Amino acid sequence: MSSPLAPAGRKRRLTSDPGSCWASLPDDLLGVVASRLLAGDLLDYVRFRAVCTTWRSGTADPRGRGVADPRFHPRRWMMLPEGHYLYPGHPNLGGFVRFLNLDTGALVRARIPFLGVGNFWPIDSVDGLLLLLRDTVDQEGALRLLHPFTRDIIEFPPIGALASRLLSSCPATLRNRRLTRSVCSSVSLDAAGAITLMLAIQHMGLVAFATSMDRQWTLSTREWASLYPPLSFQGKLYMVDTPYPRTSWGQEKIHEVLQLDPPIMQEDGVLALPQPKLIATIPQRNLVHPHGPPHLALYHLSSGSLSPAIDPCSLYGGAEEWYSEGMHRIGPCQMKKNKFNNQATVHILR
C-alpha cells in the first residue's frame with residue numbers, strides 16, 4: 001500500500017549509478033521516511049523534500065495545506081521576543097520573527113509581513129499555529145489562523161459582534177482587546193475537512209466556537225469555571241471545575257477535570273457543544289498551594305502524585321525551564337504579556 005505522503009503511479013527506476021539510487025527510492029519507502037520526519041519536526045521534512053526533485057515531487061507539499069492538514073503543523077516551536085521592547089510585529093523588525101525549537105534549540109527567522117504592520121497581533125497559539133486578531137479603528141475584530149512557516153491562512157468570523165454583545169458597557173475601542181486578553185483556542189477538523197475553532201474565554205467562563213464557513217460565533221449556553229486556565233490538546237479543551245461541595249462542612253473539596261469535545265451536528269442540522277466529560281478528580285490539596293511562592297507543578301492523573309514541573313523558582317523568576325514529552329510546555333519566563341502595550345509577547349507553539 002502506498003503512503004499518503006507519496007503520489008501513486010510512479011515506478012522505481014533501475015540504474016547502475018549508486019548515487020542516483022537514493023533519488024529513485026520506491027514510493028512506499030519514500031512515504032515511510034517522510035512520515036517519520038513529520039512525526040518529529042516539519043522543517044526536517046521540508047529539508048528532506050529539498051534534497052532532489054524526485055523526493056520533492058514524490059511527497060506532499062505543505063504549502064497550501066499547512067493549516068488544514070494536521071501533519072504539517074509546526075509543533076514544539078516558540079516565538080521569541082527580540083528584547084529592547086522589540087515585540088513581534090515591531091516596525092523595526094521588518095516583519096521578521098524568530099522561533100526557537102524546544103527540542104533542538106534551533107533558531108529560525110521567518111517573515112510574517114502583516115504582523116503588526118497590518119494591525120494583526122497574536123493572541124494565542126494552538127497546534128503550532130498562531131491565532132491573530134486584527135485591532136483596527138472599525139472594531140470588526142478579524143481573526144486569522146496562521147501557519148508561521150508556510151504562511152497559509154484560514155479566516156474565521158470577526159470577533160467584534162461577540163465582543164459588543166458580551167462587553168456592551170466597555171468602551172468600543174477596548175472591547176476586542178478585553179475579550180481576547182486571556183483565551184485558549186483549540187482547532188479540529190471533521191471528516192468533511194471543515195475546520196472548527198473553539199475559544200475558551202477564561203475571564204468570562206464562556207466558550208465560543210465557529211467554523212471557517214460561518215459568519216458569526218456561537219456561544220456556549222453554560223458558564224465554565226474560570227479559576228484555572230483551560231488547556232488545549234488535540235482539538236479538545238480541558239478545564240478544572242470545582243462543584244459546590246455536597247459534603248459536610250470542613251471536608252476537602254474535590255476538583256473535577258473536564259474534557260470538552262468539538263461541537264457536533266444535531267438532528268436539526270445545527271452545531272452545538274456536547275456535554276463535558278469528567279475524566280479525573282483531584283483533591284484540593286494537590287492543586288492549590290496556599291503557602292509558599294507561586295510555582296508550576298505536574299499532577300499525574302493516573303497515580304494522583306504531584307511533582308515539580310519546572311526548576312524550583314517562582315513564576316516571576318528568571319531561571320530556565322526544562323521540558324518533558326507530554327507536558328504542557330510553559331515556564332515562568334514564558335508568560336503572555338499585553339500585546340497592545342508594546343511589551344514582549346511569547347507564544348508557545350505546542
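The values are calculated or read from the model by the stated rules, or taken from the named source; none is laboratory data. It should be emphasised that the depicted structure is a prediction, and the values quoted were computed from it without experimental measurement. All Cβ positions, even for glycine, are placed from backbone atoms using ideal geometry, and neighbour counts span all protein chains on display. Note: areas computed on protein heavy atoms with side chains; ligands, DNA, RNA excluded. Shrake-Rupley method; radii C 1.70, N 1.55, O 1.52, S 1.80 Å.
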Considering segment 91-145, residues that are out of contact with any strand residue (DSSP E or B) (no Cβ under 9 Å at 6 or more places or on another chain) and charged (D, E, K, R), and then whichever is modelled with the highest pLDDT, we arrive at 103
Would you tally the residues in segment 66-100 being under 26 Å from residue 234 (Cβ atoms), out of contact with any His (no Cβ under 9 Å at 6 or more places or on another chain) and outside any strand (DSSP E or B)?
6
Where residues in segment 227-236 are open to solvent by 40 Å² or more (accessible area, probe 1.4 Å) and outside any loop (DSSP other than H, G, I, E, B), which of them is modelled with the highest pLDDT?
236
Considering only segment 79-88, I want to know if a residue exists there that is in contact with a helix residue (DSSP H, G or I) (Cβ under 8 Å, 6 or more places away or on another chain), at pLDDT below 90 and crowded, with 19+ Cβ neighbours inside 10 Å.
yes
Got a sec? Which of 227, 129, 219 is within 30 Å of residue 257 (Cα to Cα), out of contact with any Phe, Trp or Tyr (no Cβ under 7 Å at 6 or more places or on another chain), touching a residue at least 60 places away in the same chain (Cβ under 8 Å) and hydrophobic (A, V, I, L, M, F, W, C)?
129
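Residue by residue through segment 66-78, note down the ones that are open to solvent by less than 40 Å² (accessible area, probe 1.4 Å) and in contact (Cβ under 8 Å) with a residue 60 or more places away in the chain. Full working, then the answer.
Initial filter on segment 66-78 (open to solvent by less than 40 Å² (accessible area, probe 1.4 Å)): 66-67, 69, 72-74, 76-78.
Answer for segment 66-78, where residues must be open to solvent by less than 40 Å² (accessible area, probe 1.4 Å) and in contact (Cβ under 8 Å) with a residue 60 or more places away in the chain: 66, 67, 72, 73, 74, 76, 77, 78.
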Suppose we filter 249, 217, 224 for residues that are at pLDDT below 90, surrounded by fewer than 20 Cβ atoms within 10 Å (Cβ to Cβ) and either among the hydrophobic types (A, V, I, L, M, F, W, C) or closer than 19 Å to residue 126 by Cβ (or both); which single one remains?
249
